[in-house]
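Encoded as structure tokens, the structure appears first; notes follow it.
The values are calculated or read from the model by the stated rules, or taken from the named source; none is laboratory data. Everything quoted here is computed from the prediction, not taken from an experiment. Ideal geometry is used to build each Cβ from the backbone, glycine not excepted, and the neighbour counts take in all protein chains shown.
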Amino acid sequence: MQSSIDSPSHRSPTRLRLLDAAVTVIARDGLQRLSHRRVEDEAGLKHGATTYHFRTRDALIEQVIAHLADRDRQVMGEVLGGAPHPEAPDELARVLRPFLTSARDQTMARFELFLHAAREPALQGHLARWRRLFSESGEALLRHLGAPDPAGAAEMLVTGIDGMLFAGVCLPDRLPPAELRRQCAALLDRCMAAPGG
């Protein structure tokens, strides 16, 4: 099935405003409360604006997935300052910290969408492509650090990161910056320990 997800260059300022509003609605109210009207209200736009850009709720959800992937790249790029990947455990923690603070809504929306995809198989391919962004960055980091099997250990790294972010969103007091750094270091140690993690 060919994807209907558009590229960032095809997103008008109004479309981006609607997508940002959709992320806010999903993060604050849950995916079950996402509707065209709620997105318009959140964006402060007239009724009908969301339908004009996204004919159906499913089309809106697909575009939110692509939008979140773009926003995740942007957050990572801002932290890394143009570097292709983190260089060390402390830097990995620095990359993850915004996803628990300034970009927390993105993280909340991402977990909502992953849970939704468990019941909507048509979305799983889109989410797998989005997750690949993290896998590729993790593989590059592990290769840079000299891991014996960076490709094999990248999945362990991404799964561990997902777990940390999930815990950090659900129980924020359990993952202060020092604990995030400690867990990143421990996770990287496990990934570096042996071929395949």
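Just one of the listed residues (43, 93, 88) is among the hydrophobic types (A, V, I, L, M, F, W, C) and more than 26 Å from residue 164 (Cα to Cα), and it is 43. Among residues of the stretch 28-48 that are closer than 18 Å to residue 109 by Cα, those with a beta-carbon under 9 Å from a residue that is part of a loop (DSSP other than H, G, I, E, B) and among the basic types (Lys, Arg) at least six positions away or on a different chain give the pairs 40/46.
Every listed requirement among (1) surrounded by fewer than 20 Cβ atoms within 10 Å (Cβ to Cβ); (2) modelled with pLDDT of 95 or more; (3) among the aliphatic types (A, V, I, L, M) is met by residue 165 save one, (1).
Considering only the stretch 92-190, give the helices (runs of 4 or more DSSP H) lying wholly within it that have at least 3 residues that are over 27 Å from residue 20 (Cα atoms).
The helices (runs of 4 or more DSSP H) meeting that bar are 124-145, 150-170.
Looking at 153, 185, 167, just one residue is in contact with a helix residue (DSSP H, G or I) (Cβ under 9 Å, 6 or more places away or on another chain) and more than 16 Å from residue 97 (Cα to Cα), and that residue is 153.
Do we find a residue being charged (D, E, K, R), surrounded by fewer than 20 Cβ atoms within 10 Å (Cβ to Cβ) and over 20 Å from residue 176 (Cα atoms) anywhere in the stretch 89-96? No: zero hits. Taken over the stretch 170-180, the criterion of being of a type in the set (D, E, K, R) and touching a helix residue (DSSP H, G or I) at 6+ places or on another chain (Cβ under 8 Å) is satisfied by 174 alone.
Only one of these is surrounded by 14 or more Cβ atoms within 10 Å (Cβ to Cβ) and hydrophobic (A, V, I, L, M, F, W, C): 127, 171. Name it.
Values: 171 fails: surrounded by 14 or more Cβ atoms within 10 Å (Cβ to Cβ).
Sole residue among the options that is surrounded by 14 or more Cβ atoms within 10 Å (Cβ to Cβ) and hydrophobic (A, V, I, L, M, F, W, C): 127.
Considering only residues in the stretch 13-59 that are polar (S, T, N, Q) and under 24 Å from residue 170 (Cα atoms), the one that is surrounded by the most Cβ atoms within 10 Å (Cβ to Cβ) turns out to be 24. Beta carbons closer than 7 Å, at least 6 apart along the sequence or on distinct chains, pair a first residue in the stretch 140-159 that is on the phi < 0 side of the Ramachandran plot and surrounded by 16 or more Cβ atoms within 10 Å (Cβ to Cβ) with a second that is in a loop (DSSP other than H, G, I, E, B) and modelled with pLDDT of 90 or more for 153/147.
When residue 137 is tested against (1) crowded, with 21+ Cβ neighbours inside 10 Å; (2) out of contact with any His (no Cβ under 6 Å at 6 or more places or on another chain), just one condition goes unmet, and that condition is (2).
Among the residues of the stretch 79-87, not a single one is of a type in the set (D, E, K, R) and part of a helix (DSSP H, G or I). Within the stretch 70-95, the residues that satisfy the criterion of being in contact with a Pro (Cβ under 9 Å, 6 or more places away or on another chain) and in contact (Cβ under 8 Å) with a residue 40 or more places away in the chain are 70, 76, 92, 93.
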